[in-house]
């Protein structure tokens, strides 16, 4: 629900209007289907908008709730991927869904790991499942799958019954870096 | 990654050269098969004597492809998969998924269904907390506490079995209502069992809450500050133990929680002892919620009467043509929620269990996503553990209540 | 017949027979019984039944046959040895604990002597110092097992074990200083006889627990930590370092560790009974002046056994009631709390003896 807690003298702006006001030209689309306020923004503006959402007094989104992606290959939609961000504000009580639409041949988006600590693993999982490259992420390796896995499982063109090649057992000690500084 | 023996030797030689022989850091694997890693997680821990200096978690050992599987099923066929997500509180997952799809449809379940969902959901929450507290107490050494809680949990699972037919794989909610109604005499049996559970809670409380050895083990261990907790996306009992009263049943009320009166226990420091106390108190609050809901239980249908959302009654299926057609279309084609997307957060045993469902109007789900609460906790595990001893990994990890099915899906 | 009596009167033969009787009829049976009773008594606390399935045909004996079943199972299991371990040390490590646990019974008296015949294997002058020496020997078992298995978890367990056992030996010794002062001797039979005196004329026996209450508590704590029983079983880990120092052992060698632990439980109970609860002296039995000697001896052995079983029960139910200490908390408890307390105990005892006696 998009409610601002304090009824100000100015008219209560919805979050969509707020974002469109602060970052003109970046909002592609928005809707409020079933009460979930959703804003689709341009990829270049992502980091700025997220920082605004976290810090501004009228938004105050302390909690980055979810970060995932949706593949619309079967529906034949042209920006094939949707990267979906959910936010929640504990102090003001509202939620927001932010979307960035990506094409298959340009599957990159800025990483927001410096804004919330939780984003680190969510972006790794998104990369693992969909192959989306989060630029600026310090450690973008697979999370749920093992390192030698080929392909990105949650894409629609990855068949469910595909067999992976069998890996030989790897040595555990190679993973321990004894020379690193702590 | 098959390296020839010569390369391994070269690799080792490089390691030896780069090794700082003056340090005493040893890398030890608190590995996937370990008695205390319930649900399989691997921590590569770098220790200096017994002090932990770094930790790298690795997850994904229980990844079963829940999301991919649900894209290849019908909407109603995903419900059994949701049981197996957080397998100690399956009804909360069932309820969350059913309510998310109901949000897509725009229908609501009737009042009696909502009240029974509240009762079963809170029973699930109690079993979740009991499993978490019991297992972590057992690993700290209080084995008797664990077994008494298991005894209390058995009483509750017998109740769940009476209603849904199974203790763990309940598969109970349908879109627009529930599959079965409460059997006769259930509410009396409920009150009787809840009294027994309260007795067990009192006994266990006397055993452990003021015990100096236990308090020494868990006080000031694994503390995390409010800002860090919010940045890591904590929800549920872990966030409430840090002092932030965020409960989805209060902040984004769903179902009939607005009519029920309960308190939200919060802690102060966010260490393991506060989480233990928060969970113990939440069990008592859940018992109170169940009693209130049982008192206020209305009579009525347990499934919505909207066509194309619920299976019609058998007397309609065999009685009139509309029921027959509805039933046929539902079984052959499956549910067809209108196109759109919905995210519904539900207060699970661990925190915010959010189902994000995307539909395109055909009968196949485009995306079914679970937002796993314990994902954030395991992500924050290095932050909570570095600076403590090896023996502290166990209470910290126990207080996180990591459920493998939910973490890896 | 005559030759038999002559052979039996040789002290060496008597000692050997006493060793056989004490070990085979007291220490070992009670130790193996404790392996079962641990499971039964813990089940009683935890609202369940415990093992009751092992049977030979129709006879289950309420679980008694589990002792035999466990022993047979361990014998038939594969005896693994980790690759890269030090073979010799790995092989000899289990036996230190066993030897130390059984050797504790050498100086424990079971009944009052009949004439020249003592119900005690060796009544040496420095009786209690022998105990200290033997428990020091048992440190080797844990340390060698931990160090020689090629495993990090075992190494952690062995390190913890060595630190813990060495520290708590210090307090064990200090706690007994008071006992030496009160009864005036380190010879065990003197201490037991000293507990046969009464205060207020035949009312309260001068047991160690009444003359040295603080010493009793400290000694019990130190011994429970010495045998690595809960709540001091950090070296045994069981949740963080899976099994600690005996991680890599299987089959009969692992059984040797377990048996050593349970024989030590019985040994600890015997020591506590002997030093603090009057040993074999039945209180107020001297009032029955016309009791025949053989009856008195039997009653004494019964009283001793009852107290031993009671303290075994106490240790077992202590394990299942309290959570475990973290390792640095064990060390802190020892050095920061027990050491000052035992020193205070020694000084206070000395002062009281000087002033009042």
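Just so you know, all these numbers are worked out from the coordinates, no wet-lab data involved. For clarity, every value in this text was computed on a predicted model and none was experimentally measured. Backbone-built Cβ (ideal geometry, glycine too); neighbour counts: all protein chains shown.
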Take each of the peptides C:214-220, C:340-346, average the number of other beta-carbon atoms within 10 Å over its residues, and list them starting from the highest.
C:214-220, C:340-346
Just how far, in whole angstrom, is the stretch B:89-153 from the stretch B:207-237 if you go by their alpha carbon centroids?
22
1/(1 + (r/R0)^6) with r = Cβ-Cβ of residue A:32 and residue A:156, R0 = 45 Å, i.e. FRET efficiency to nearest 0.05, evaluates to 0.95
With equal scatterers on the alpha carbons only and no solvent term, can you work out the Debye log10 of I(q)/I(0) for the stretch C:6-148 at 0.09, 0.14, 0.16, 0.18 1/Å?
-0.45, -0.97, -1.09, -1.15
Whole-Å distance, taken between Cα centres, linking the stretch B:39-63 and the stretch B:373-409:
9
Measure nothing but the geometry: give the 0 to 90° angle between the long axis through the Cα atoms of B:272-295 and the longest principal axis through the Cα atoms of chain B, rounded to 10°.
10
With the Cα gyration tensor of the stretch C:213-357 in hand, convert its eigenvalues to equivalent ellipsoid semi-axes via √(5λ) and list them largest first in whole Å.
34, 25, 10
Folded to 0 to 90 degrees: helix B:5-18 orientation relative to chain B principal axis, Cα:
70
To make sure I understand, if each residue's beta carbon is the centre and we count other beta carbons within 10 Å, what order do C:265, A:49 fall in, fewest to most?
A:49, C:265
Counting helices only, and only those DSSP H runs with n ≥ 4, report the 222 nm mean residue ellipticity of the protein assembly as shown as the sum of -39,500 (n - 2.57) divided by its residues, in deg cm²/dmol to the nearest 500.
-15500 deg cm²/dmol
Per residue, the convex hull enclosing the alpha carbons of the stretch B:27-74 has a volume in Å³ of 80
Dividing the convex hull volume of the alpha carbon atoms of the stretch C:264-326 by its residue count, what do you get in Å³ per residue?
87
For the stretch B:284-336 and the stretch C:133-186, what is the separation of their Cα centres, given in Å?
68
Please compute the contact order of the stretch B:186-294 in relative form: average sequence separation of alpha-carbon pairs under 8 Å and at least six residues apart, divided by the residue count, as a percent.
29
Among B:217, A:34, which comes first, then next, by fewest other beta-carbon atoms within 10 Å?
A:34, B:217
Under the rule a/c < 1.5 gives rounded, and otherwise a/b versus b/c splits prolate from oblate, where does the protein assembly as shown land using the Cα gyration tensor?
prolate
Would you mind getting me the FRET efficiency between residue C:166 and residue B:318? Use the beta-carbon distance for r and R0 = 60 Å, nearest 0.05.
0.15
When a/c reaches 1.5 or more, the comparison of a/b and b/c decides; with that in mind, is the stretch C:290-357 rounded, prolate or oblate per its Cα gyration tensor?
oblate
Please give the FRET efficiency for residue C:286 paired with residue C:56, using the beta carbon to beta carbon distance and R0 = 41 Å, rounded to the nearest 0.05.
0.35
Order by protection proxy (mean Cβ within 10 Å, highest first), peptides A:146-157, B:55-66, C:282-293:
B:55-66, A:146-157, C:282-293
Can you give me the relative contact order of chain C as a percent, contacts being Cα pairs under 8 Å and 6 or more apart?
23
Based on alpha-carbon positions alone, could you give the equivalent ellipsoid semi-axes of the stretch B:238-280 from the gyration tensor, as √(5λ), descending, whole Å?
22, 10, 7
Provide a whole-number value for the mean count of partner chain Cβ atoms within 10 Å of the Cβ atoms in peptide B:227-236.
5
24 Å tail of the calculated P(r), chain A, as % of Cα pairs
46
Diffusion coefficient, µm² s⁻¹, Stokes-Einstein with Kirkwood Rh over alpha-carbon pairs of the stretch C:66-209 at 4 °C and 1.567 mPa s
71
Per-residue mean of other chain beta-carbon atoms within 10 angstrom of the beta-carbon, peptide B:387-398?
4
Taking a ≥ b ≥ c as the square roots of the Cα gyration tensor eigenvalues, with a/c under 1.5 meaning rounded and otherwise prolate when a/b beats b/c, else oblate, which class fits the stretch B:124-238?
oblate
Neighbouring partner chain Cβ atoms per residue of A:122-130, average, 10 Å criterion
2
If the chain between residue B:325 and residue B:225 were fully extended at 0.36 nm per residue, the gain over the current Cα-Cα distance would be 30.2 nm
Longest to shortest principal axis, alpha-carbon extents of chain B, angstrom
85, 55, 34
What is the angle, in °, between the Cα long axis of helix B:143-164 and the longest principal axis of the Cα atoms in chain B? Nearest 10 is fine, range 0 to 90.
20
Could you order the peptides A:159-166, A:59-66 from most to least packed, using the average number of other C-beta atoms within 10 Å per residue?
A:59-66, A:159-166
For chain B, what's the relative contact order in percent, using C-alpha pairs closer than 8 Å and at least 6 residues apart?
26
Treat the count of other C-beta atoms within 10 Å as a stand-in for reagent exposure and order C:44, C:37 from fewest to most.
C:44, C:37
